[in-house]
Amino acid sequence: MAHFESDVLWNPAWSALDGWAERPPDMIEHFHRSIPGFAESALVAAPAIAEQVGVGHVFVKHEAERLGLPSFKVIGASWAVGVAIADHVGRAPFPAFDALAEAAGALRASIVLSTATDGNHGRAVAYLARRLGLNSRIFVPADMAEARVDAIRGEGAEVEVVAGSYDDAVRRSAQSAERDRPDGRRELLVSDTSWPGYTRIPEAVVAGYSTIFAETRRQLAAALGPDASIDLALVPVGVGAFASAAVRSLASGSCSVVTAEPAAADCLWQSLAARERVTVPGPHESTMAGLNCGEVSLVAWPALQRGVRAATRLSDLEVAVAVRDLAEIGVATSESGAAGLAGLRRLRLDSRAGSLLRPSSTLVLFDTEGVTDPAAYEAVLSSTARGRTKEGAGHVAGR
């Protein structure tokens, strides 16, 4: 029976997985490290948060900068673009970025990279297209923040605004990829979500994210010693690709994965409760723009259903407070990126969380983006500061 308390759902189908059925090939991380300008994202110690929640250590894996982009998405998108182009030319995946760039150079007159996005994945695909000398076409929902749209156009992409939600943009991108273009080129779809008949590339996106978790393990060992391990990982959920990669890379009898998503777009929560994928109809109007998705990706679902220990769903106010608190420890992020911290605080209110939040526990919050909308970020900081003045800082810290 599903257990609900304080907006925490304990997954009724959870089992203590051993992570990947097969270890992700070393060539994925080797490919990423071959990209000019590649560098690891920061792992930031957060002792004040650890003290607040009563655990040994809290770290924030802060994806504020990847290859000049303010998000983790380029890690999955780069490997998936390589797989898509390799499939297109009928060869094995490229072992290094220069080999991919050489192959792409011969395809400039025949393909256009395309995808749907609510911000970061589309910008990543457009960025990769530009670096490879290709054109790109990105489909976005009508309510996406103008700053995010401008950032995608800044990568040289053609942007098509789709009336409706992110899920409507996904459907439009799939339809467009099946049609002939007037210029004779083919749209090569690089989506991070999946549906029946389209799984190969979204699976490559998930595989690409394995590099992030390999980095995290090394950084944690450097900070705490070679025997250090992650006891609890807090990850945000949109369509579930990144969360399923976390399950595959981390979930085990000794490490639990807990997810965080907007209450207004709780597609994983609802699916776990129903024990099957369900669609949460829009509009999805949370301020967690990157998480406003109504359906879990088909390829992500099996790992999520078996490997997520618990799911949390959050209000916009909770994540706004988390944005402010992360700013105070030098981590500048958006509401989507702060969802992990808000989810941790939500989890702490649940009576069954004691087994996960022990004094000896080491927690990692996966903060998936930096500041993608500076004006909105400043507004959040100022609004939460006003709220704290009225309510008292102790009220927030003791949540």
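Brief remarks follow.
- Among residues other than Arg181 with Cβ under 10 Å from its Cβ, the summed charge is +1 (Lys and Arg +1, Asp and Glu -1).
- Between Asp26 and Arg179, the distance separating the two model label sites (each 7 Å from Cα on the Cα→Cβ line) works out to 4.7 nm.
- Among Met27, Met288, the order of accessible area from largest down is Met27, Met288, computed with a 1.4 Å probe on protein heavy atoms.
- Carbon plus sulfur fraction of accessible area for the stretch 237-373, probe 1.4 Å, in percent: 49
- Restricting the stretch 139-225 to trypsin sites (Lys or Arg not before Pro) that sit in a DSSP loop and have at most 10 other Cβ atoms within 10 Å of their own Cβ leaves Arg179.
- Expressed as a fraction of 2.2 N^0.38 Å, the value expected for a compact globular protein of N residues, the C-alpha radius of gyration of the stretch 144-237 is 1.52.
- Charge sum, other residues only, whose C-beta stays under 10 Å from Val83's C-beta, Lys/Arg counted +1 and Asp/Glu -1: -1
- Hull volume in cubic angstrom per residue (convex hull over the Cα atoms of the stretch 278-333): 117
- For the chain, the solvent-accessible area works out to 38 Å² per residue, with a probe of 1.4 Å and every protein chain left in place.
- Largest first, the three principal axis extents of the alpha carbons in the stretch 246-364 are 37, 35, 26 Å in whole numbers.
- R0 of 25 Å, Cβ-Cβ distance Leu317-Glu146: FRET efficiency to nearest 0.05: 0.55
- For Pro141, the shell of other residues with beta-carbons less than 10 Å away shows a net charge of -3, using +1 for Lys and Arg and -1 for Asp and Glu.
- Over the stretch 79-236: Rg over Rh, Cα atoms, Kirkwood Rh: 1.03
- Computed log₁₀ I(q)/I(0) - Debye formula, equal Cα scatterers, no solvent, the stretch 310-382, q 0.12, 0.23 Å⁻¹: -0.34, -1.01
- Each Lys and Arg Cβ is given +1 and each Asp and Glu Cβ -1; about its Cα centre, the chain then shows a dipole of about 420 debye.
- Per-selection metrics, the stretch 53-138 (Cα): Rg and Dmax in Å: 15.6, 58
- Rounded FRET efficiency, nearest 0.05, which uses the C-beta distance separating Ala39 from Ala109 and R0 of 35 Å: 0.55
- Nitroxide proxy distance, nm - points 7 Å out along Cα→Cβ at Ser15 and Ala92: 3.2
- Intensity falloff of the chain expressed as log10 I(q)/I(0), Debye formula with alpha-carbon point scatterers, at q = 0.10, 0.14 Å⁻¹: -0.60, -1.22
- The chain - mean residue ellipticity at 222 nm from DSSP helices (-39,500 (n - 2.57) per run, n ≥ 4, rounded to 500): -13000 deg cm²/dmol
- Arg186/Ala273 FRET efficiency (R0 30 Å; Cβ-Cβ; nearest 0.05): 0.15
- Largest-first ellipsoid semi-axes for the stretch 208-265, taking √(5λ) over the Cα gyration tensor eigenvalues, angstrom: 23, 12, 10
- Positive-end residue, the stretch 76-198 charge dipole about Cα centroid, Cβ charges, pick of Leu134, Ser173, Ala109: Ala109
- Per-bin percent of Cα-Cα distances, the stretch 109-182 [5 Å]: 3, 20, 30, 25, 16, 5, 1
- Dipole magnitude of the stretch 195-265 about its Cα centre (Cβ charges: Lys, Arg +1; Asp, Glu -1), debye to nearest 20: 160
- Distance histogram in 5 Å bins (all Cα pairs of the stretch 40-89, percent per bin): 5, 18, 16, 14, 13, 12, 9, 6, 4, 3, 1
- Alpha-carbon Rg/Rh ratio, for the stretch 25-172, with Rh computed the Kirkwood way: 1.05
- Volume per residue that the Cα convex hull of the stretch 231-291 spans, once the total is divided by residue count, Å³: 83
The values are calculated or read from the model by the stated rules, or taken from the named source; none is laboratory data. Because the structure is a prediction, the values reported are computed rather than measured. Ideal geometry is used to build each Cβ from the backbone, glycine not excepted, and the neighbour counts take in all protein chains shown. We work out accessible area using only protein heavy atoms, side chains counted, and drop any ligands, DNA or RNA first. Shrake-Rupley method; radii C 1.70, N 1.55, O 1.52, S 1.80 Å.
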